Amino acid sequence: MNKKLFSILGLSVGVLFYAQDVSVIRNTVDVYSDTQPNGSAKYMGMAGAMGAMGGDASSINANPAGIAVNIVGEFSGTLNALGNKNTSTLANKSYDEVYKKANLGHLGGVVVMQTSNNSKWKFINLGFNYSTKDIDSYIRTPENHVINAIATYTDEKGNKQTDVLLYDGHAYNRMGHTSKLSFAFGGNYDHKWYVGGGVHFHSANIEQGDFFRMQSQTAGTKGLYQKQETPFQESSDGMAISAGIIGKIDKNFRVGLALESPTWWNIERSYNYYGLDSNGIVGTALGNENRRLSTPMKATLSGAYVANKNFAVNLDYTLGLTKPQYNVQGDAEEQLNKFFDKVYSNTSELRLGAEYRLDNWRLRGGYAYQSNPFSNASLSVIDATNGFSSDRTFNNLYLSSRQTLGLGLGYNFKSFYVDAAYQNTSTSFSNPFFAGAYASPSDNSVFNEGDAIATDDSVVSDAKTVRNNFVFTVGWRF
């Protein structure tokens, strides 16, 4: 579309992506750079800590050499039951949004091919791992009439009038899912060294909204204000490659190292664009564009202690080596890259998991901690208690550190096995909105001709997200 046909109130360049495109910033890290894919119940119960242990198709996520540890083939499928709760608090008032869903979360398998007896290459293995993840997220912030805006409009008689618009609630609504399909090969060299490589195909589908309501102080009527270029839809696909190695130090200790390339994404997006027509009426047009994004390259260092056939513990440390980078096609991508260069911190994640075997029973547990992906950032913020604006610095803006706790239980029936796991993930962060350009088209506005609000000032709520994942896996070894 030709954006020159439309005009709307603008912002200073300095705050363009610190305040304006929160959804894009958050999705770049939370969706496209996500380091927490779903997997088998064993993988989830150990919080993903399998980088040096291997022996499961889901270990491809941590280190593709993990499938080289298998000495028998296997195939498994996993069902997920997800419960997601977002809480947003503004001036001591909170809204909770709860979402529940069940789906097929994982399919995986490993084929084991034994070599000749006199070869030091004992096994050549092939594996695949497919996982899906629901990324629906609803963050709804309560109304607060201390926050307001002055509006000037023309009434039906042609007279200029002034009204006060009272802030009446905001929502970030994200719906969608991601998937990851990995193919890997691995080799077992003399039962001492395990090597592997993988190729990973990603997809993502996102529908994103960013809107608030304003209430007329005079008439009490309400209008819906949509963020410029929202709601938007993105249909994306990406690819990455990885390689890894696991070595036995002795009969009890293993170490592993894996490198994964950036994921190269191709993002097709469509969106609503708002502006004034020739009659001065706020209207809507449709736009579309293509973006290319590379997410951070990662390295994972692992260590495992295998005490005996009944107990093992694994520790993984993953570090992002680069930053998200958009292919520059215009001002939007250039500003995004400047933002990530200045504010993004290379994330790290520590994962600890253990398994204990008692006859045919398997007991598992795990813990993971991911660091805050952003360093300190400053915004001009409206105080919800008095309505005045001032500069504030945040250490958890947009997203923050994340903690994951996993618990698992399994039972072997000779060739078949069943596993169950529970995983709890929680994070708390500062949630900015209101800054930027928002439009209220004439068909859903307080005013007949519609309205637009543009400001450099943000409203910031305290947000908390808790995800509870219940996982059930059935597998077959052959």
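The values are calculated or read from the model by the stated rules, or taken from the named source; none is laboratory data. Note that the structure is a prediction, hence the values are computed from the model and not measured. Reconstructed Cβ throughout: ideal geometry from the backbone, glycine too, with neighbour counts over all protein chains shown.
I'd like the residue in region 121-149 that is without any contact (Cβ under 8 Å) to a residue 60 or more places away in the chain and of a type in the set (Ser, Thr, Tyr) and, out of all such residues, is surrounded by the fewest Cβ atoms within 10 Å (Cβ to Cβ).
Tyr138
Is it the case that Gly387 is out of contact with any His (no Cβ under 8 Å at 6 or more places or on another chain) and without any contact (Cβ under 8 Å) to a residue 40 or more places away in the chain? Spell out how you get there, then give the answer.
On the way: out of contact with any His (no Cβ under 8 Å at 6 or more places or on another chain): yes; without any contact (Cβ under 8 Å) to a residue 40 or more places away in the chain: no.
So Gly387 does not fit the description; no.
Do you know which residues across region 433-458 are under 27 Å from the mean Cα position of the chain (by Cα), surrounded by fewer than 23 Cβ atoms within 10 Å (Cβ to Cβ) and part of a strand (DSSP E or B)?
Listed by number, the list holds a single entry, Ala437.
Going through Gly283, Gly244, Gly209, Gly275 one at a time, which residue ends up being touching a Pro at 6+ places or on another chain (Cβ under 7 Å), at pLDDT below 95, surrounded by 15 or more Cβ atoms within 10 Å (Cβ to Cβ) and not polar (S, T, N, Q)? Please lay out each step first, then the result.
Working: Gly244 fails: at pLDDT below 95; Gly209 fails: at pLDDT below 95; Gly275 fails: touching a Pro at 6+ places or on another chain (Cβ under 7 Å).
Answer to the check: Gly283.
Just for region 150-162: of the residues that are in contact (Cβ under 8 Å) with a residue 12 or more places away in the chain and surrounded by fewer than 18 Cβ atoms within 10 Å (Cβ to Cβ), which one is farthest from Ser182 (Cα to Cα)?
Checked region 150-162; the qualifying residue farthest from Ser182 (Cα to Cα) is Glu156.
Take Glu349 and tell me if it is acidic (Asp, Glu), closer than 14 Å to Val29 by Cβ and either in contact (Cβ under 8 Å) with a residue 12 or more places away in the chain or surrounded by 22 or more Cβ atoms within 10 Å (Cβ to Cβ) (or both). Break it down into steps so the answer makes sense when it comes.
Values: acidic (Asp, Glu): yes; closer than 14 Å to Val29 by Cβ: yes; either in contact (Cβ under 8 Å) with a residue 12 or more places away in the chain or surrounded by 22 or more Cβ atoms within 10 Å (Cβ to Cβ) (or both): yes.
Yes.
Which is within 25 Å of Arg26 (Cβ to Cβ) and modelled with pLDDT of 95 or more, of Asn412, Asn372, Asn376?
Working: Asn412 fails: within 25 Å of Arg26 (Cβ to Cβ); Asn376 fails: modelled with pLDDT of 95 or more.
Going through Asn412, Asn372, Asn376 in turn, just one is within 25 Å of Arg26 (Cβ to Cβ) and modelled with pLDDT of 95 or more: Asn372.
State whether one or more residues within region 79-90 are touching a helix residue (DSSP H, G or I) at 6+ places or on another chain (Cβ under 9 Å) and touching a residue at least 40 places away in the same chain (Cβ under 8 Å). Show your work before the answer.
First, the residues of region 79-90 that are touching a helix residue (DSSP H, G or I) at 6+ places or on another chain (Cβ under 9 Å): 80.
Next cut, touching a residue at least 40 places away in the same chain (Cβ under 8 Å) only: 80.
Within region 79-90, one or more residues are touching a helix residue (DSSP H, G or I) at 6+ places or on another chain (Cβ under 9 Å) and touching a residue at least 40 places away in the same chain (Cβ under 8 Å).
Can you list the helices (runs of 4 or more DSSP H) found entirely within region 15-114 that contain at least 2 residues being modelled with pLDDT under 95, more than 30 Å from Gly198 (Cα to Cα) and of a type in the set (Lys, Arg)?
On the way: elements: 16-19, 22-30, 41-45.
It comes to none.
Output the residues belonging to region 299-330 that are in contact with a helix residue (DSSP H, G or I) (Cβ under 8 Å, 6 or more places away or on another chain) and either surrounded by 17 or more Cβ atoms within 10 Å (Cβ to Cβ) or not hydrophobic (A, V, I, L, M, F, W, C) (or both). Full working, then the answer.
In the first step, residues of region 299-330 are kept if they are in contact with a helix residue (DSSP H, G or I) (Cβ under 8 Å, 6 or more places away or on another chain); the result is 323-328.
Of everything in region 299-330, those that are in contact with a helix residue (DSSP H, G or I) (Cβ under 8 Å, 6 or more places away or on another chain) and either surrounded by 17 or more Cβ atoms within 10 Å (Cβ to Cβ) or not hydrophobic (A, V, I, L, M, F, W, C) (or both) turn out to be Lys323, Pro324, Gln325, Tyr326, Asn327.
Among strands (runs of 3 or more DSSP E) lying entirely in region 211-288, which contain 2 or more residues that are in contact (Cβ under 8 Å) with a residue 40 or more places away in the chain, in contact with a Phe, Trp or Tyr (Cβ under 7 Å, 6 or more places away or on another chain) and over 19 Å from Ser182 (Cβ atoms)?
Details: elements: 222-227, 232-248, 253-260, 264-276.
Filter on region 211-288 gives 222-227, 232-248, 264-276.
Identify, from the list Gly238, Gly280, the residue that is at positive phi and not acidic (Asp, Glu). Spell out how you get there, then give the answer.
On the way: Gly238 fails: at positive phi.
It is Gly280.
Given the structure, is Asn2 over 25 Å from Asp341 (Cβ atoms), at pLDDT 95 or above and polar (S, T, N, Q)?
no
Only one of these conditions is not met by Thr152: (1) modelled with pLDDT of 95 or more; (2) polar (S, T, N, Q); (3) part of a strand (DSSP E or B). Which number is it?
Among (1) modelled with pLDDT of 95 or more; (2) polar (S, T, N, Q); (3) part of a strand (DSSP E or B), the lone unmet condition for Thr152 is (1).
Assess whether Ser179 counts as being within 16 Å of Asp56 (Cα to Cα), hydroxyl-bearing (Ser, Thr, Tyr) and touching a residue at least 40 places away in the same chain (Cβ under 8 Å).
Details: within 16 Å of Asp56 (Cα to Cα): no; hydroxyl-bearing (Ser, Thr, Tyr): yes; touching a residue at least 40 places away in the same chain (Cβ under 8 Å): yes.
Against the criterion (within 16 Å of Asp56 (Cα to Cα), hydroxyl-bearing (Ser, Thr, Tyr) and touching a residue at least 40 places away in the same chain (Cβ under 8 Å)), Ser179 does not qualify.
Select from region 403-423 the residues that are free of Cβ contacts under 8 Å to residues at least 60 places away in the same chain and surrounded by 15 or more Cβ atoms within 10 Å (Cβ to Cβ) and write down the one among them that is nearest to Arg351 (Cα to Cα). Explain how you work it out, then say what you get.
The first filter runs over region 403-423 and keeps only residues free of Cβ contacts under 8 Å to residues at least 60 places away in the same chain, leaving 403, 411-414, 418.
Now restrict to residues that are surrounded by 15 or more Cβ atoms within 10 Å (Cβ to Cβ): 412, 418.
Details: Asn412: 25, Val418: 24 Å.
Restricting to residues being free of Cβ contacts under 8 Å to residues at least 60 places away in the same chain and surrounded by 15 or more Cβ atoms within 10 Å (Cβ to Cβ), the top hit is Val418.
Of everything in region 83-139, what is under 17 Å from Ala463 (Cα atoms) and among the β-branched types (Val, Ile, Thr)? Give them in sequence order.
Thr87, Thr89, Val98, Ile135, Ile139
This table checks each residue for (1) over 30 Å from Pro231 (Cα atoms); (2) touching a Leu at 6+ places or on another chain (Cβ under 9 Å); (3) not acidic (Asp, Glu).
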residue	(1), (2), (3)
Asn117	yes, no, yes
Phe128	yes, yes, yes
Asp134	no, yes, no
Tyr138	no, no, yes
Ser182	yes, no, yes
Trp193	yes, no, yes
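Mind checking which residues of region 163-189 are of a type in the set (Ser, Thr, Tyr), buried (at least 17 other Cβ atoms within 10 Å of the Cβ) and either touching a helix residue (DSSP H, G or I) at 6+ places or on another chain (Cβ under 7 Å) or under 20 Å from Arg26 (Cα atoms) (or both)? Let's see the steps before the verdict.
Within region 163-189, the subset of a type in the set (Ser, Thr, Tyr) is 167, 172, 178-179, 182, 189.
Applying the additional criterion that residues be buried (at least 17 other Cβ atoms within 10 Å of the Cβ) yields 167, 172, 178, 182.
Residues satisfying the conditions are Tyr172, Thr178, Ser182.
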